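Heads up: the structure comes next, in structure tokens.
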Amino acid sequence: STPSNSSAASDVYKRQVINRAIAEGIPVVTLVTDSPDSDRLCYIGPSGYDAGQEAADYMAKLLGPGEHYVGVSNLVGVYVCDQRCDGFTDRIKEKYPNIHIVGVVDDDCDYEVGTKACTDLLIANSQIDGMLGTNAASAVGIAAAVDAVGRTGKVRIIGWDNDSPTIKLIKEGKVDAAIVHDSFLMSYMGIQLLYLYNHNI
């Protein structure tokens, strides 16, 4: 897949805004999703790559022994989502020879786009029995696609974030799990760090 124009432009715009703020003496830290090529002071949050590897380990546990085929629904071109995707696919290739990555689709962090992209992937690869979503909208699109091809309960799904639609799908048994970070703690640490920085502590 290639980065969608909106995704790639979003990261470029974010970097430009951060750099402009830093140039004007406004300290900036990033939370949850990083902009490593910017002049930000630091990043507070989990490693997307490591989290992707944990998702791979959990997917392997869900799938169990035997041959399996998995796909990824990603927000292609956005740094944190690409890191999650890379961590997942690298871990599968390194540690689980019985699990095969069949494709990565760009869901543009949009329910309808994700549903169509995942439906196409599932139709083209009927052997898929596991799907990872790397952003808050992914699980919804994956679950709708799995339902559309009549395979609910036959495809293991791991989503991302604890937004209400994903939690609802987990409670309904249509999504197996979601990777969640502590957004409150990251925000708290960000404010604390900026306070200390601005007071030369």
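The values are calculated or read from the model by the stated rules, or taken from the named source; none is laboratory data. Every value quoted in this text rests on a predicted model; they were computed, and no experiment measured them. No Cβ is skipped: glycine too gets one built from the backbone with ideal geometry, and neighbour counts run over all protein chains shown. Quick note on the areas: whole protein, heavy atoms, side chains included, nothing else; ligands and nucleic acids left out. Shrake-Rupley method; radii C 1.70, N 1.55, O 1.52, S 1.80 Å.
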Original post:
Identify, please: which residue in the range 101-130 is closer than 15 Å to residue 152 by Cβ and of a type in the set (Gly, Ala, Ser) and is, among those, least open to solvent (accessible area, probe 1.4 Å)?
Top reply: 130
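Can you give me the number of residues within the range 35-52 that are under 20 Å from residue 89 (Cα atoms) and assigned to a loop (DSSP other than H, G, I, E, B)? Let's see the steps before the verdict.
Kept after step one, since they are under 20 Å from residue 89 (Cα atoms), are these residues of the range 35-52: 46-52.
Still in the running and assigned to a loop (DSSP other than H, G, I, E, B): 46-47.
Residues that pass the stated criteria total 2.
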Original post:
Checking residue 150 against (1) of a type in the set (Gly, Ala, Ser); (2) in contact (Cβ under 8 Å) with a residue 12 or more places away in the chain; (3) open to solvent by 40 Å² or more (accessible area, probe 1.4 Å), which test does it fail?
Top reply: (2)
**OP:** Tell me which residues, restricted to the range 107-127, are of a type in the set (Val, Ile, Thr) and closer than 25 Å to residue 80 by Cα.
**Re:** 113, 115, 119
Subject >> Complete set of residues in the range 53-78 that are crowded, with 19+ Cβ neighbours inside 10 Å and part of a helix (DSSP H, G or I) >> reply: 53, 55, 56, 59, 60
Original post:
Is it true that some residue in the range 28-49 is more than 19 Å from residue 177 (Cβ to Cβ), among the hydrophobic types (A, V, I, L, M, F, W, C) and without any contact (Cβ under 8 Å) to a residue 40 or more places away in the chain?
Top reply: yes
Original post:
Just a yes or no: is a residue in the range 13-33 at pLDDT 95 or above, aliphatic (A, V, I, L, M), under 30 Å from residue 155 (Cβ atoms) and in contact with a helix residue (DSSP H, G or I) (Cβ under 6 Å, 6 or more places away or on another chain)?
Top reply: no
Original post:
Scanning the range 79-98 for residues that are among the aromatic types (Phe, Trp, Tyr) and touching a strand residue (DSSP E or B) at 6+ places or on another chain (Cβ under 9 Å), which turns out least open to solvent (accessible area, probe 1.4 Å)?
Top reply: 88
Original post:
Within the set of pairs 6+ apart or on separate chains, which have a first residue in the range 82-102 that is of a type in the set (Asp, Glu), a second that is surrounded by fewer than 19 Cβ atoms within 10 Å (Cβ to Cβ) and part of a helix (DSSP H, G or I), and C-beta atoms under 7 Å apart?
Top reply: 86/49
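Kindly indicate whether residue 15 is at negative phi, among the basic types (Lys, Arg), open to solvent by less than 60 Å² (accessible area, probe 1.4 Å) and touching a Ser or Thr at 6+ places or on another chain (Cβ under 8 Å). Don't jump to the end; show me each part of the working.
Working: at negative phi: yes; among the basic types (Lys, Arg): yes; open to solvent by less than 60 Å² (accessible area, probe 1.4 Å): no; touching a Ser or Thr at 6+ places or on another chain (Cβ under 8 Å): yes.
So residue 15 fails the test.
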